[in-house]
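All remarks here apply to the structure that follows.
Just so it is clear, none of the values below were taken in a lab; they were calculated from the coordinates. Quick caveat: nothing in here was measured; it's all calculated off a predicted structure. Cβ coordinates were reconstructed from backbone atoms using ideal geometry, including for glycine residues, and neighbour counts include every protein chain displayed.
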Amino acid sequence: MSDAATKRATRSRWLLLAPALAVLVFAASGPLLIVLIYSFLTPGDYGGVEWNLSWDAWFSVIMEQDFFTDEIGFADAHLSIFWRSIKLSLMTALLTFIFGFPTAYFIATRPKEKRDIWMLLIIIPFWTNLLIRTFAIMELIRAEGTVNSALLALGIIDEPIQMLFTEFAILLGMAYVYLPLMVLPIYASLERFDFTLVEAGYDLYATRWRVLRKVIFPLAKPGVIAGSILVFVPSLGAYVTPRVLGGGKQLMLGNLIELQFGAGRNWPLGAALSLTLLAIVMVALILYVRAAGNEEVRHG
Amino acid sequence: MIEINEVSKIFTGRGAPFTALDNVSVTIRENEFFTLLGPSGCGKTTLLRVIAGFIDPTKGTVTLDGQDLVSLPPYKRPVNTVFQSYALFPHMTVAQNIAFGLEMLDKPRAEVKKTVDEMLALVRMTEMADRKTSEISGGQQQRVALARALAPRPKVLLLDEPLSALDFKLRKDMQLELKRLQSETGITFVFVTHDQEEALTMSDRIAVMNAGKIRQIGGPRDIYDHPAERFVADFIGDTNFLDVELLSIAGEQATVRLPSGAEAQVRAPGEGVAPGPVTLAVRPEHASLSGGAGAVLPGTLANVVYFGTDTHYHVDLDGGGRFVLRQQNQPDQAQTRTVGDRVEVTLAPGVGQVLRD
């Protein structure tokens, strides 16, 4: 190849890469870099940032200086929000798995022409506005809501159960909202599943439970791993659901971050918290993928 | 011994009910290589799955050594299956696949290991023990599926067209291998196939099935030489069908009048036939063109086809109909007959079988 031809080939390669590069630079790396820079600046009086280099934001992610005594201690408020976010996200993943796996299995074992209808039923709520779905949950569980009214009418309880504005409410809301994200990947791995293997399991003296554990589950594992990640990650950063169903009492990370960019007027702290969230997600994913077995993830 | 007694299976879906098994009764003996042979949709696989426990019969009983099987779930039946698609567990190694049944029976670890090693040796897969099932060839997968099903030492091994996915050469090898495994392990094999040659070469006894019914049960020679009905004669091997008149019958010996008017001594089923018009089945290699004692069918040679091992002669019989003969070739044999020659098809006494329908 001549020099000119090589140059032309190089140029057209860059041209073809341009859209991907543009997305990477302007949509992914760029904003992230801005957030990173902001986290090392000081807050402006009315929002925004002052261009002074400072570690203060990072410091106050987990530490705080007492206003009166100047004593330095852990920022309990932040830590409890971290803990609640991680706990509720893990529980959401677990809950969606408990309900999602049988659902996906049920759909995958229907006749081919009926599966699409079942999948549609799973996906339809996903097309509805998140806020509306969340308010629907609120209507169900509030003190004068459907559930409490029914229980009262049946005489099972004497006074309404406080469900709204609790961690339970957030968990319920997130599990409901993210359930399709668990069902879809599990269904995808079960759809390719050869159900003769189930017969082979029965034939080789495995009971139903053992077939599920030794044959079906290991082969659905890539779907379960993908589903858990798809549910856990957005749960950790969830904003709307904890805002509405937690009623501002049960903050999660998303709400805390929003607070810093809004009423708190501490953009650097918000930026540092955002990056902390990112770090938690990455650490959690690495730990999870290691524990779940590298191989399945790579193959799945 | 498996006793299948008046078993029927009617599938009722949204369409019309489909009778897959129609009042089937058969006894499969201990240590027998028993083959269910028939075209696709004849009910042979359904019968196999009834024995395995994947399908409940609509009516009838299945017992194994006197013990009722129908009430037992598949995982409690001392019966293992080699699936058509092998159904090896893709997330396990060869050795883990073979160990699966033993582990589910909660055998001690040392025993599992010992049996797996034995099974690997039996199917000559010892070097492949730690391979994934996706990393071995079709023939090897077949052998692993066999070893996996044999490892728990079932009383009966069910094989659902296990050779159909293999190429010709491999299939020949595996036929011998299966026969060897059966005699070495002494386990009863129930083998399902649509391939008549496979059935003839391997089986102790064959049940020929069609439309949910067993049409005939017998040894390979019985079935081939003495088919009882037109379906069996037609399905297994090549056959000439002649419209003849049954003159007399005594036991399995019968006298018939051929279309040519000659009287022939032929075989007949012991029951189910009466004097009058019947169909006579004659295998192409059983008739002769070179004379000798017997009844004669004159005709004109219409075609001669050389096949290497043998030569096929197509004869247009006087009075209509075509008869195909097959004769073994000898080295450097001169071809004496040519198309258009007058020939005489001779049926020696005992050649030809009267069919029930």
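When you restrict to C-alpha pairs under 8 Å that are six or more residues apart and normalise by the size of chain A, the relative contact order lands at 25 percent. Using the Cβ-Cβ distance between A:Arg265 and A:Ile123 with R0 set to 45 Å, the FRET efficiency works out to roughly 0.65. Sorting the segments B:192-200, B:180-188, B:225-233 by their mean number of nearby beta carbons within 10 angstrom, highest to lowest, gives B:225-233, B:192-200, B:180-188. With the helix formula -39500 (n - 2.57) applied to DSSP H stretches of n ≥ 4, chain B reaches a computed 222 nm mean residue ellipticity of -7000 deg cm²/dmol. Restricting the stretch B:1-77 to trypsin sites (Lys or Arg not before Pro) that sit in a DSSP loop and have at most 13 other Cβ atoms within 10 Å of their own Cβ leaves B:Arg14, B:Arg29. All other residues whose Cβ lies under 15 angstrom from that of B:Leu69 are scored, Lys and Arg at +1 and Asp and Glu at -1, for a net of 0. Peptide A:214-223 is shielded by partner chain Cβ atoms: per residue, an average of 2 of them sit within 10 Å of its Cβ. For the stretch A:58-140, chymotrypsin sites (Phe, Trp or Tyr not before Pro) are listed when DSSP marks them as loop and at most 16 other Cβ atoms sit within 10 Å of their Cβ; the list is A:Phe67, A:Phe68.
So which chymotrypsin sites (Phe, Trp or Tyr not before Pro) in the stretch A:181-219 are both in a DSSP loop and have at most 13 other Cβ atoms within 10 Å of their Cβ?
The qualifying sites are A:Phe195.
Between the stretch A:215-230 and the stretch B:206-233, the C-alpha centres lie 50 angstrom from each other. Ordering A:237-243, B:312-318 by mean Cβ neighbour count within 10 Å, with the highest value first, yields A:237-243, B:312-318. If the elastic network links every pair of Cα atoms under 10 Å, which of B:Leu159, B:Leu297, B:Leu150 fluctuates the most in the Gaussian network model of chain B? Looking only at B:Leu159, B:Leu297, B:Leu150, the largest GNM fluctuation is found for B:Leu297. Pairs spanning more than 25 Å between alpha-carbon atoms, out of A:Lys214/B:Lys76; B:Lys44/B:Lys155; A:Lys87/A:Lys249; B:Lys76/B:Lys169: B:Lys76/B:Lys169.
Which percentage, to the nearest 5, of the DSSP beta bridges contained in the protein assembly as shown is antiparallel? Intermediate values should be presented prior to the final figure.
Numbers: 65 of 85 bridges.
Bridges in the protein assembly as shown that DSSP calls antiparallel: roughly 75 percent.
Considering only DSSP beta bridges whose two residues both sit in the stretch B:2-225, what percent are antiparallel, to the nearest 5?
Expressed as a percentage, antiparallel bridges in the stretch B:2-225 total about 55.
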